[in-house]
1. Treat each spin label as a single point 7 Å out from the Cα along the C-beta direction, and report the residue 2 to residue 22 distance in nm.
2. Highest first, please rank the peptides 42-54, 8-20 by the mean number of other Cβ atoms sitting within 10 Å of their residues.
3. Placing one identical point scatterer on every Cα of the stretch 1-68 and ignoring solvent, what is log10 I(q)/I(0) from the Debye formula at q = 0.26 Å⁻¹?
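The numbers here are math on the coordinates, done by the rules we state, and not lab data. Just so it is clear, the model here is predicted, and its values are computed rather than measured. Cβ coordinates were reconstructed from backbone atoms using ideal geometry, including for glycine residues, and neighbour counts include every protein chain displayed.
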């Protein structure tokens, strides 16, 4: 069983592997086109002073996402994650 958390909870300076993309429709297609695919490594590199948007590095590109969109991308949680405020809690994925 892998523990996952929303991408918006990934602390600045941390990297993780994308486990699941929960977006649907055109937003899902856009995120996939930008490189937010299952198995990709993503790094949180900057958070705006207001907390939204957040800049992520994925596949060599820097992409800014709103928390509203980043919450639909689930990443592998570390053993003791320090999470940012403003998103949903950690999820458990049963295999």
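1. Placing both labels 7 Å along Cα→Cβ, they lie 1.5 nm apart.
2. 8-20, 42-54
3. Relative scattering, expressed as log10 I(q)/I(0), comes to -1.34.
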